[in-house]
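The values are calculated or read from the model by the stated rules, or taken from the named source; none is laboratory data. Because the structure is a prediction, the values reported are computed rather than measured. Don't worry about glycine lacking a Cβ; one is built from the backbone with ideal geometry, like all the others, and counts go over all protein chains shown. Calculation scope for accessible area: heavy atoms of the full protein, side chains included, ligands and nucleic acids excluded. Shrake-Rupley method; radii C 1.70, N 1.55, O 1.52, S 1.80 Å.
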Amino acid sequence: MANLAELEMRVAALEDIESIKQLKYRYFRHLDSLNWQGVIDCFADDAVIDYEPGIRMEGKEDIRKHVKDKLLEHIGVHQGHHPEIEITSQTTATGKWELFVYHYLPVMKKGFRLGGFYDDEYVKTRGKWQIRKSRMTLIFFEMWDREPLKRM
Amino acid sequence: MANLAELEMRVAALEDIESIKQLKYRYFRHLDSLNWQGVIDCFADDAVIDYEPGIRMEGKEDIRKHVKDKLLEHIGVHQGHHPEIEITSQTTATGKWELFVYHYLPVMKKGFRLGGFYDDEYVKTRGKWQIRKSRMTLIFFEMWDREPLKRM
Amino acid sequence: MANLAELEMRVAALEDIESIKQLKYRYFRHLDSLNWQGVIDCFADDAVIDYEPGIRMEGKEDIRKHVKDKLLEHIGVHQGHHPEIEITSQTTATGKWELFVYHYLPVMKKGFRLGGFYDDEYVKTRGKWQIRKSRMTLIFFEMWDREPLKRM
């Protein structure tokens, strides 16, 4: 039978999995709200972003400088599905996700739909989980001219 | 080290988070099955629904009277993504979600696609979680004439 | 107040729910990666698949023989939403899910979009959860001629 200390470790792992899911969900909420500061706060100071095709940022300052221009003023949704979170130590974890995006970019006057896979790494600093590395590879990508989609 | 009573509280919080997710998932399952009684049972007696644009119901009787007509006989899916559930006491909780809808309304002969954010409140009564308040704000909304989509 | 043995059972149930979600998420990841061996490994030896319209396989050998031809070389995403996992014993569980698919089939030169409900059964063998039965009923189904969608 489990002793109390062992059981506490298992409960902490379940809590960490839930916290990391909520971290990623918060990231998507801020992204689709165009709340750029909220997006930046999800990342660790030494975070690396590597998204197909060709979007790469290294460190929080680089993310801060680039996140708004790179992501543009989209109207639509970024969805993170199928979280496979693995706790690798008390302060590190990995995560796989499937991405689905449906949005409109006013600057390009185009609609986009895409699917992809995330391979993430997370780190817990001062009791708070953040994204340390996020790599996204595309499954498919569609783009088309379209009438404007309005933000409600 | 945690004592048993403290650990039990943490386990109960994880169980509550899971129960609340399943409550919302059951709501969507009944909604997309057109099982209106199942939808109504997800709400507390004093529940308030406030969905953009302009859908408002106060109390279970009001929901009972309006839910079928308001939601119409849709064919399609309502998806709830990115649950951020916070347990605020042993009998209350809040939740943020991202909504995505793709469906056809036979009465209007139109297709719809929309994205939105939920801000929910939940209450536990006699051991069962229910939705007490559900507010949905739209991110975007599309509607188009289309050929009928058939329920399988 | 809970005793340690009772609390350990509750923690194990939460761990099982998380494991079963990750099993299904792994299934979708392998499916959308066209990793057929990975798909097959998600099923128990005596697994039964029953998907509308008319896709039926009985036993792992039957799945092995049919999975690649039946599912075809799709490009796109299969999404499993709204998991309602219920642990029915230490080695059995059930699950309800909502399915959403958006993909292109090169062989047919057609695009597909569909929604459905899963009713699953899971079994734990030698410490590992697998899918023993998966039944999927359609909500709606759309198919259209389209230009090729390319795998990235």
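Rounded to the nearest 20 debye, what is the charge dipole size of region C:1-78 about its Cα centre when +1 sits on each Lys and Arg Cβ and -1 on each Asp and Glu Cβ?
Values: 11 positive and 16 negative charges, 62 e Å.
So the dipole magnitude of region C:1-78 works out to roughly 300 debye.
Would you mind working out the accessible area per residue for chain B, using a 1.4 Å probe, and quoting it in Å²? Intermediate values should be presented prior to the final figure.
Numbers: 6760 Å² over 152 residues.
Ligands and nucleic acids excluded, the figure is 44 Å² per residue.
Taking the Cα centre of region A:52-152 as origin, work out the dipole magnitude from +1 charges on Lys and Arg Cβ and -1 charges on Asp and Glu Cβ, in debye rounded to 20.
460 debye
For the protein assembly as shown, what does the helix formula give at 222 nm: sum of -39500 (n - 2.57) over DSSP H segments with n ≥ 4, over the residue count, nearest 500 deg cm²/dmol?
That comes out to -10000 deg cm²/dmol.
First check a/c for region C:72-152, with a ≥ b ≥ c the square roots of the eigenvalues of its C-alpha gyration tensor; if it is under 1.5, answer rounded, and if not, answer prolate when a/b is larger than b/c or oblate otherwise.
Note, shape of region C:72-152 comes out prolate.
Could you grab the relative contact order for chain A? Cα pairs under 8 Å, six or more apart, rounded to a whole percent.
Numbers: 284 pairs, mean separation 32.0, N = 152.
This gives 21 percent for chain A.
Please get the size of the charge dipole for the protein assembly as shown, origin at its Cα centre, with Cβ charges of +1 on Lys and Arg and -1 on Asp and Glu, quoted in debye to the nearest 20.
1180 debye
Quantify how much of the Cα-Cα distance distribution of region A:43-87 extends past 12 Å, in percent.
Details: 698 of 990 pairs.
Looking at region A:43-87, the distances longer than 12 Å represent 71 percent of pairs.
Can you compute 3J(HN,Hα) from phi for each residue in region A:135-146, using the Karplus curve 6.51 cos²θ - 1.76 cosθ + 1.60 with θ = phi - 60°, rounded to whole Hz and x for Gly and Pro?
Working through the residues one at a time gives 10, 10, 10, 7, 8, 8, 7, 10, 8, 8, 5, 7 Hz.
Other chains' Cβ within 10 Å of A:13-25 residues: what's the mean?
4
Using a 10 Å cut-off on Cβ to Cβ distances, tally the other chain neighbours for every residue of B:72-83 and report the average as a whole number.
On the way: counts 0, 0, 2, 3, 5, 13, 4, 9, 3, 12, 14, 4.
Mean shielding count: 6.
Give the Debye-formula value of log10 I(q)/I(0) at each listed q (0.10, 0.11 Å⁻¹), with one equal scatterer per alpha carbon of the protein assembly as shown, two decimals each.
One equal scatterer on each Cα of the protein assembly as shown leads to -0.77, -0.95.
Please give the net charge around B:Asp145, taking every other residue with its beta carbon less than 11 angstrom from that of B:Asp145, where Lys and Arg add +1 and Asp and Glu add -1.
The answer is +2.
Got the A:Ser33 label distances to the other copies yet, label 7 Å along Cα→Cβ, in nm, shortest first?
3.3, 3.4
Once the Cα gyration tensor of region C:24-132 is found, what semi-axes does its equivalent ellipsoid get, as square roots of 5 times the eigenvalues, in whole Å, sorted largest first?
Semi-axes, largest first: 24, 16, 12 Å.
Which of the peptides B:43-55, C:131-143, C:72-84 is most tightly packed, and how do the rest follow, judged by the mean count of other Cβ atoms within 10 Å per residue?
Working: B:43-55: 15.4, C:131-143: 18.2, C:72-84: 19.8.
Highest to lowest by the protection proxy: C:72-84, C:131-143, B:43-55.
Can you list the copy-to-copy distances for C:Glu147, using a point 7 angstrom from Cα toward Cβ, in nanometres, shortest first?
Inter-copy label distances (nm, one decimal, shortest first): 2.1, 2.1.
I need the inter-copy label distances for B:Pro53: point set 7 Å along Cα to C-beta, values in nm with one decimal, smallest first.
Listed shortest first, these distances are 3.7, 3.7 nm.
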